[in-house]
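Asks: Handing you this structure, nothing more for now.
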Amino acid sequence: MWQLTHSTKTDDSKNLELARKSVAALKARKDLGFLRLTERSDLWTTSENRAREIRKSSHRLAILGMGGSSLGGRAMIQALHKWNSTHEIDFLDNVDADRFWKWLKNRKDIQETHFVIVSKSGNTIETLTMAEFADQHLRASGHKKLSASATVISEFEDNPLMRWARKEGVGALEIPKDVGGRFSVLSPVGLLPAAYYGLDLSQIREGAAWALTQDELIARLTAQTL
């Protein structure tokens, strides 16, 4: 586990005191679920189990999601890149129709690709449009429909994406209601691709839990940006 414990930059005393107060105020809030994601064992377990299932039949993962629905997972994969990983991940967060069409058309392994459709609200129009486009392409090409090889990540609420998942029997993982999209990397949004890629979720969880205990370090790093 990597541990960042020191900085070579001198702290401004006023900024440091302000940062300390801000960190304390942030951690005192009970409405911010992302601060307690390391305690949500169910999210870690379901993500790892689902990734294990997907790896058995697919060697490529296609993440359909906008903004925070893809950036967290992308950052984790890029930061902890494994040169010997046998599984590939594509993060498709650009709604340019030509670019997406070329990706679909050039995928020779499309039948071995598993699609992960990510939308916290379940009604992100760009994400739903890409999913519909992918489904149409698969059907027109004589392949199985999208729902036959897909996973949904969303709030467990009554929304268009979850209704589709229930209707089609698509597996779903939860984004907790109190976790904002841009802070969801330690929810299934980031954990599923990480586990699929072959990263050790127990080490990621240990590191995240350790980081949350480092109030002074967080304050010092924050002060340096003020």
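Every number here is computed from the coordinates shown, using simple stated rules; none is lab data. What you are looking at is a predicted structure, and each value in this text was computed from that prediction instead of being measured. No Cβ is skipped: glycine too gets one built from the backbone with ideal geometry, and neighbour counts run over all protein chains shown.
Asks: If I fit a long axis through the Cα atoms of helix 201-211 and take the longest principal axis of the Cα atoms of the chain, what angle between them do I get, 0 to 90°, rounded to 10?
Replies: On a 0 to 90 degree scale, this one is about 30.
Asks: Then there's this: Rounded, prolate or oblate: pick one for region 69-139, where a ≥ b ≥ c are the square roots of the eigenvalues of its C-alpha gyration tensor, a/c under 1.5 means rounded, and failing that, prolate if a/b is larger than b/c, else oblate.
Replies: Taking the square roots of the gyration eigenvalues as a ≥ b ≥ c, region 69-139 is oblate.
Asks: Tell me, in nm to one decimal, what length is gained between Asp98 and Arg166 on full extension, where the rule is 0.36 nm per residue of separation less the Cα-Cα distance?
Replies: Contour length minus the Cα-Cα distance gives 21.4 nm.
Asks: Go ahead and run the numbers for FRET between Leu221 and Trp83, Cβ-Cβ distance against an R0 of 45 Å, rounding to 0.05.
Replies: 0.95
Asks: What are the residues whose amide H is under 5 Å from the amide H of Thr151, where those residues sit 5 or more places off or on another chain and H is modelled from the backbone?
Replies: Those qualifying (amide H under 5 Å, at least 5 residues apart or on another chain) are Phe115, Val116, Ile117.
Asks: If each residue of separation counts as 0.36 nm, what is the full-extension length gain between Asn106 and His59 once their alpha-carbon separation is subtracted?
Replies: Values: separation 47, 0.36 × 47 = 16.92 nm, distance 1.59 nm.
This chain segment gains 15.3 nm when fully extended.
Asks: For the chain, set up a Gaussian network in which alpha carbons nearer than 10 Å are linked by springs, and say which option among Gly67, Gly33, Gly198 fluctuates the most.
Replies: Largest GNM mean-square fluctuation: Gly67.
Asks: What distance in nm separates the simple spin-label points at Asn15 and Gln214, each placed 7 Å from Cα in the Cβ direction?
Replies: Inter-label distance under the simple model: 1.9 nm.
Asks: Can you compute the helix-only [θ] at 222 nm over the chain? Use -39500 (n - 2.57) per DSSP H run of at least 4 residues, normalise by all residues, nearest 500 deg cm²/dmol. Mind dumping the intermediate values first?
Replies: Working: 9 runs with 110 residues, N = 226.
Estimated from H runs of four or more residues: -15000 deg cm²/dmol.
Asks: In nm, give the distance between the simple-model label positions of Ser41 and Glu206, each being 7 Å from the Cα along the Cα-to-Cβ direction.
Replies: 1.7 nm
Asks: Once you have the Cα-Cα distance between Arg29 and Glu157, take 0.36 nm times their residue separation minus that, and quote the gain in nm to one decimal.
Replies: In short, 43.7 nm is gained.
Asks: Cα axis of helix 68-79 to longest principal axis of the chain: angle in degrees, 0 to 90, nearest 10?
Replies: 70 degrees
Asks: Count the lysine pairs in region 90-197 whose Cα atoms lie under 16 Å apart, taking only pairs 8 or more positions apart in sequence or on different chains.
Replies: 5
Asks: With a 10 Å radius around each residue's Cβ, average the other Cβ atoms per peptide and rank 110-120, 129-139, 211-221, highest first.
Replies: On the way: 110-120: 23.2, 129-139: 17.5, 211-221: 15.2.
Result, highest mean Cβ count within 10 Å first: 110-120, 129-139, 211-221.
Asks: With the dipole of region 58-156 worked out from charges on the C-beta (+1 for Lys and Arg, -1 for Asp and Glu) around the Cα centre, which of His143, Ala79, Ile153 lies farthest toward the positive end?
Replies: His143
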